[in-house]
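Working notes, beginning with the structure itself.
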Amino acid sequence: MRRPVAPLWLTRPSRFAAMSQSGARATLAVFVIAIMATWLALSVPTAPRATGADHGTDMALYVGIVDGVRHGGPYYAVAADAMRAGNYPMKPFVTMRLPTLAVVAAALPAFAVVAMLYALATATLIAWYRRLRPALTQPALAIAMILLLGGMLAFFQAGLVLFHEIWAGLLIALSLALRRPGYWVEAVALGLAAALVRETAAPYLVLMAVFALVEGSRREAAAWIGSLAIVAIVLVLHAHAVSLVVHPLDPSSPGWAGMLGVGFVVRAIVDASALSLFPLVVAAPIVGIAAFGWTAWHDPLAGRMAALLAGYGLMLGLFGRIDTFYWALLIAPASLVGIVFAADGLRDLVRAASDGRRITVRRVIR
């Protein structure tokens, strides 16, 4: 066996510390291929940014809906009129957002909604700080928090306060940070809240239920499955309500069979985080390194985060369109934190792959 070495940034050895030479070489080859694949993002057309200025059409729609509800209009009638006026697709029913965010925002002053967003973002930062503190050295912890802020760059923008993915992404990130073995009630509640704001957060509930079942936590699994049942019921009621306000001649969605692949996934994560401030040729491989880092940390949270990135990456790559890049906001907050785990993971992989020692066993017969 290789002599153990002290971790670089982690307080415990990475998942790859005890990997065999053949396994390490295979993993390194996959890593190199994956990093090269991230440059496919260079061929993806530029997506509109999810900001109040550059993505103003959707924001104007949401503002108009909230104003209509605030002045006493029923949500579905107001939303239908606003979408029809903007020539938005209204079929199938999922093209109309769930009423949760609009109704809450309409019931509160505008400054209170912004304050709630900032409070949620701050709570997410604090929760992740507490969750990462035992796993990282002090310098690495500071870097991790900077990376967390980088992933949450869009989440502190008041102009996006009515953007549904902003709230759902923060709720998912906070749910992940709070979930621990035996302590999952708050995580389930936050995950359910995320899906009730934006139904595309429902795959997170599925993922967490699967992990709970695999780990033998039946009560936790039942809670996640129960939350999925609630979302399903809400969506059935939502579909019925939408059907009452949609007209036969209202436009339909062009569909979600984008099939844009890995490059679009990488580009979407770049556009949803502080990586958008860097040239894409530099930012793209950083996304790959961050994703790899989540596979290196030997912790249940890392497995869930890696699966979350893979699952939503698959969803984006298969079903996303250029104008739905903002789905990446659902996974953006903690995505870049994986970079701090990548240092130990890569060091351990290289060390295992280059281990050339041989042991010869001889039997001597006298």
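The values are calculated or read from the model by the stated rules, or taken from the named source; none is laboratory data. Keep in mind it's a predicted model, so treat the numbers as computed, not measured. FYI the Cβ positions are ideal-geometry reconstructions off the backbone, even for glycines, and counts take in every protein chain you see.
Listed by first and then second residue, the pairs with beta-carbon distance under 9 Å, at least 6 apart or on different chains, first residue in the stretch 231-258 and closer than 12 Å to residue 98 by Cα, second of a type in the set (Val, Ile, Thr), are 234/100; 235/94; 238/94; 239/94; 242/94; 242/95. Against the numbered list (1) modelled with pLDDT of 95 or more; (2) assigned to a helix (DSSP H, G or I), residue 22 comes up short only at (1).
Among the criteria (1) touching a residue at least 60 places away in the same chain (Cβ under 8 Å); (2) surrounded by fewer than 20 Cβ atoms within 10 Å (Cβ to Cβ); (3) under 27 Å from residue 89 (Cβ atoms), the one residue 211 does not fulfil is (3).
The helices (runs of 4 or more DSSP H) found wholly in the stretch 273-345 and carrying at least 1 residues that are in contact (Cβ under 8 Å) with a residue 12 or more places away in the chain and over 15 Å from the mean Cα position of the chain (by Cα) occupy 280-296, 300-319. Being aliphatic (A, V, I, L, M) and under 27 Å from residue 224 (Cα atoms) holds for only one residue in 158, 144, 154, 187, and it is 187. Just wondering, is there one or more residues in the stretch 331-354 that are crowded, with 19+ Cβ neighbours inside 10 Å, farther than 20 Å from residue 19 by Cα, in contact with a Leu (Cβ under 7 Å, 6 or more places away or on another chain) and modelled with pLDDT under 95? Scanning the stretch 331-354, I find no residue that is crowded, with 19+ Cβ neighbours inside 10 Å, farther than 20 Å from residue 19 by Cα, in contact with a Leu (Cβ under 7 Å, 6 or more places away or on another chain) and modelled with pLDDT under 95, so the answer is no. Remark: pairs (first residue in the stretch 56-70, farther than 11 Å from residue 82 by Cα; second residue β-branched (Val, Ile, Thr) and surrounded by fewer than 19 Cβ atoms within 10 Å (Cβ to Cβ); Cβ separation under 9 Å; 6+ apart in sequence or on different chains) = 59/51; 69/103.
This table checks each residue for (1) more than 24 Å from the chain's Cα centre (by Cα); (2) exposed (fewer than 11 other Cβ atoms within 10 Å of the Cβ).
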| position | (1), (2) |
| --- | --- |
| 222 | no, no |
| 226 | no, no |
| 234 | no, no |
| 239 | yes, no |
| 244 | yes, yes |
| 251 | yes, no |
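Checking each residue in the stretch 28-41 for being under 24 Å from the mean Cα position of the chain (by Cα) and surrounded by 13 or more Cβ atoms within 10 Å (Cβ to Cβ) picks out 31, 34, 35, 37, 38, 39, 40, 41.
Annotation note: of 144, 121, 140, 115, the sole residue that is touching a strand residue (DSSP E or B) at 6+ places or on another chain (Cβ under 7 Å) and not β-branched (Val, Ile, Thr) is 144.
Looking at residue 79, is it more than 25 Å from the chain's Cα centre (by Cα) and farther than 15 Å from residue 159 by Cα? Here the answer is yes, as residue 79 does meet what is asked.
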